[in-house]
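A short reminder: the numbers here are calculations on the coordinates, not readings from a lab. Keep in mind the model is a prediction, meaning the values are calculated, not measured. When we count neighbours, we look across all protein chains shown, and the Cβ atoms used for this are built from the backbone with ideal geometry, even at glycine.
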Amino acid sequence: MPAQLIDGKAIAAKFKRDIREQVDQMVARGMRRPGLAVIMVGDNPASAVYVRNKRKACAESGIVSVAHDLPYSTTQQELIQLIESLNRDPSIDGILVQLPLPQHIEQSVIIEKIDPAKDVDGFHPFNVGRLALRVPLIRPCTPYGVTKLIDHVGLSPKGRHCVVIGASNIVGRPMALELLLMGGTVTVCHRFTGDLKPYVSSADILIVAVGRPGIVRGEWIKPGSVVIDVGMNRGADGKLCGDVDFDGAYERAGWITPVPGGVGPMTVAMLMKNTLESAEARLDP
Ligand code: GUN
């Protein structure tokens, strides 16, 4: 029997509707709208698409988005000065610096300049550390969104074998921490793992976040498993595709996310949720 699709777009739309309602209630109580500063340095075309989606989601959710589109030539010091002024700005609840940054700017230095209470991406070492220590505060958006998709399927990771392919700071590592928090038995595969097949074949829940189309073959998938594809690639035919051979996996998995329309919309919805909660913590401590 083919897999059931996990409709991330519809699930994200429900989150955004709920967030909009909560924002409208805040405004009705006399509070200001949550404010999100979205910073982009340079003109990476993929980043431009992601940033546009984030700003559109703000409009849908009733959140004020403040655009800071900076030229590629922006220096590290100039970016730090902007972040420090946004840290002090009482109308800003969330600060998002779209990654990757130009080569001449040190990503980790920039992330550590963001006030952890405004770090709605959840990338600051303080927020990653809280997640690692099982006391999460602001959680990285993509892994957090994936946990909501798993909740939606109704299969608890508790005691299941959860395999994460990819060990990036943005997805793989925090994803492993989220799955551990949910009681999963977690394996993380990465560039030095070698043969992925035995890991994929034993996964009850498989999360793939590599950025290489077809890195997971359909015939490796454990029958009935949950397959979450975080990849977002442009295939040889010009169409968007994930990292998993979708057609093959669809025949074996119990549940699978499509690309596009799976994880991507959930990342943006969790960004809205983090911004709302950051504003609530600030306005209603
Ligand atoms: N680049 C790719 N994914 C992300 C993300 O979730 N947040 C930011 N800031 N940059 C990214």
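Give the order of ASP247, ASP93 when sorted by the count of other beta carbons within 10 angstrom, beginning with the fewest.
On the way: ASP247 9, ASP93 27.
Listing ASP247, ASP93 from fewest to most nearby Cβ atoms yields ASP247, ASP93.
Based on Cα atoms of the chain, Rg over Rh with Rh as the Kirkwood radius reads 0.97. Look at the alpha carbon pairs under 8 Å that are at least 6 residues apart: their mean separation over the length of region 132-285 gives a relative contact order of 22 percent.
Taking neighbour counts of Cβ atoms within 10 Å as a proxy for exposure, in what order, fewest first, do ILE228, ILE80, ILE170 appear? Present the calculation step by step, with values, prior to reporting the outcome.
Values: ILE228 29, ILE80 15, ILE170 20.
In order of increasing Cβ crowding within 10 Å: ILE80, ILE170, ILE228.
Annotation: amide H-H contacts under 5 Å for CYS241 (H modelled 1.01 Å from N, sequence separation of 5 or more, or interchain): ASN233, ARG234, GLY235. Along region 62-73 the Karplus relation, 6.51 cos²θ - 1.76 cosθ + 1.60 evaluated at θ = phi - 60°, assigns HN-Hα couplings of x, 9, 7, 9, 10, 8, 10, 9, 9, x, 4, 6 Hz to successive residues, with x for each Gly and Pro.
For a quick protection proxy, order the peptides 262-273, 32-43 by their average other-Cβ count within 10 Å, most packed first. Could you put the intermediate results ahead of the total?
On the way: 262-273: 25.7, 32-43: 21.4.
Taking the mean over residues of other Cβ atoms within 10 Å, the ranking is 262-273, 32-43.
Remark: region 40-195 carries a charge dipole of roughly 580 debye about the Cα centre, counting +1 on each Lys and Arg Cβ and -1 on each Asp and Glu Cβ.
With no solvent and one point per C-alpha, what does the Debye sum give as log10 I(q)/I(0) for region 170-285 at q = 0.18 Å⁻¹? At q = 0.18 Å⁻¹ the computed log10 ratios are -0.96. Compared with the dominant principal axis of the Cα atoms in the chain, helix 263-283 is inclined by about 40°.
Below 12 angstrom from the Cβ of LEU196, what's the summed charge of the other residues (Lys, Arg +1; Asp, Glu -1)?
Details: positive: ARG191, LYS197, ARG212, ARG217; negative: ASP195, ASP243.
Result for the local shell: +2.
When each of HIS124, HIS152, HIS190 is scored by the number of other beta-carbon atoms lying within 10 Å, the sequence from fewest to most is HIS190, HIS152, HIS124. Whole Å is fine, so just give me how far the alpha carbon centre of region 19-60 lies from that of region 144-214. Centre-to-centre distance over Cα atoms comes out at 28 Å. The chymotrypsin sites (Phe, Trp or Tyr not before Pro) found in region 163-231 that occupy coil by DSSP, while having at most 15 further C-beta atoms within 10 Å, are PHE192. Taken over the alpha carbons of region 4-106 as equal point scatterers, the Debye sum produces base-10 log I(q)/I(0) values at 0.11, 0.15, 0.21, 0.22 Å⁻¹ of -0.42, -0.72, -1.10, -1.15. 3J(HN,Hα) couplings calculated from phi for region 54-61 with the Karplus curve 6.51 cos²θ - 1.76 cosθ + 1.60 (θ = phi - 60°) are, in sequence order, 5, 5, 5, 5, 4, 4, 5, 8 Hz; Gly and Pro show x. Only one residue of TYR199, LEU131, VAL210 has its Cα farthest out toward the positive end of the dipole of region 98-231, where Lys and Arg carry +1 and Asp and Glu -1 on Cβ, and that residue is TYR199.
With Cβ to Cβ distances under 9 Å as the rule, what net charge do the other residues near ARG217 carry (K, R +1; D, E -1)? Can you show the working numbers first?
Numbers: positive: LYS197; negative: GLU219, ASP245.
With Lys, Arg at +1 and Asp, Glu at -1, the net is -1.
The C-alpha atoms of the chain define a longest principal axis, and helix 8-28 lies at about 20 degrees to it. Going through the cross-link list LYS14/LYS56; LYS9/LYS197; LYS9/LYS118, which pairs have a Cα-Cα distance over 18 Å in this structure? Check vs 18 Å cut-off fails for LYS9/LYS197; LYS9/LYS118.
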